[in-house]
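A.B. asks: Handing you this structure, nothing more for now.
We did not get these values from a lab; they are worked out from the coordinates using the rules stated. Quick caveat, the model's predicted, so the values are computed rather than measured. Here the Cβ positions follow ideal geometry from the backbone for every residue, glycine too, while neighbour counts run over all protein chains shown.
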Amino acid sequence: MNQTIPKQRAVYRNIHIGQILSYRLPAAGWVSILHRVSGALMFVLLPFIVWMFDASVTSQISYDGFVAVFAAGIGIVPGGVLKLVALALVWAFVHHVIAGLRHVWMDISHHAVELRPGRQSAIFTLVASVLLTLALAYALFF
């Protein structure tokens, strides 16, 4: 009589949001989470984006006011804080675009969903978004 014991299935458990920093996520997990965060940040800052676009293209007078707001600030908010908000928006856009292109590449290329190419493209996404944001931060602050 040949009886085989069924193999135990792996037990997976959900983690709580408070455990996210202690949980060791792979690079692809961080890219996925940051892709969602960057999309939400762009959505929340949409009124700021519309104001910046409107103030920068309406007329020379509105453009001068736009530049003055980023230099001197507005109300109790200093100009440096507004530049940091703009920099956060820049990071969100850059990361969202690069991560989106990564997802398109993974959809087109079948080998990209394997472990090694997926890890490499995730690391490239993280490094490229930080480097481009730093380059644009230099242009914004100096």
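A.B. asks: Evaluate E = 1/(1 + (r/R0)^6) for PHE141 and ASN14, where r is the Cβ-Cβ distance and R0 equals 35 Å; express this FRET efficiency to the nearest 0.05. Please report the intermediate quantities before stating the final value.
C.D. replies: Values: r = 41 Å, r/R0 = 1.18.
For PHE141 and ASN14, the calculated efficiency is 0.25.
A.B. asks: Based on DSSP H assignment, which helices of the chain show an axial Cα extent of at least 30 Å together with a mean Kyte-Doolittle hydropathy greater than or equal to 0.0? Intermediate results must be reported in sequence, preceding the final value.
C.D. replies: Details: long enough: 79-108 (43 Å, 1.35); 115-141 (39 Å, 1.31).
Flagged H segments are 79-108, 115-141.
A.B. asks: Looking at segment 3-82, which chymotrypsin sites (Phe, Trp or Tyr not before Pro) are DSSP coil and have at most 14 other C-beta atoms within 10 Å of their C-beta? Intermediate values should be presented prior to the final figure.
C.D. replies: Numbers: sites: TYR12, TYR23, TRP30, PHE43, PHE48, TRP51, PHE53, TYR63, PHE66, PHE70; in loops: TYR12, TYR23.
Qualifying residues, ordered by number: TYR12, TYR23.
A.B. asks: Using a Förster radius of 22 Å, what is the FRET efficiency between VAL44 and PHE124 based on their Cβ-Cβ separation? Nearest 0.05, please.
C.D. replies: On the way: r = 27 Å, r/R0 = 1.22.
Efficiency computed from Cβ-Cβ geometry: 0.25.
A.B. asks: What translational diffusion coefficient, to the nearest whole µm²/s, does segment 26-141 have by Stokes-Einstein, given a Kirkwood radius computed over alpha-carbon pairs, a temperature of 10 °C and 1.306 mPa s viscosity?
C.D. replies: Details: Rh = 15.8 Å.
Estimated diffusion coefficient is 101 µm²/s.
A.B. asks: In what sequence do THR58, THR125, THR133, THR4 fall when counting other Cβ within 10 Å, fewest first?
C.D. replies: Details: THR58 12, THR125 23, THR133 19, THR4 5.
Fewest-to-most ranking of THR58, THR125, THR133, THR4: THR4, THR58, THR133, THR125.
A.B. asks: At 222 nm, what value in deg cm²/dmol follows for the chain if DSSP H runs of at least 4 each add -39500 (n - 2.57) and the sum is divided by all its residues, to the nearest 500?
C.D. replies: Values: 5 runs with 100 residues, N = 142.
Roughly -24000 deg cm²/dmol at 222 nm, from the helical runs in the chain.
A.B. asks: Follow-up. For GLY73, what residues show an amide H to amide H distance below 5 Å, using hydrogens built from the backbone and excluding near sequence neighbours?
C.D. replies: GLY79
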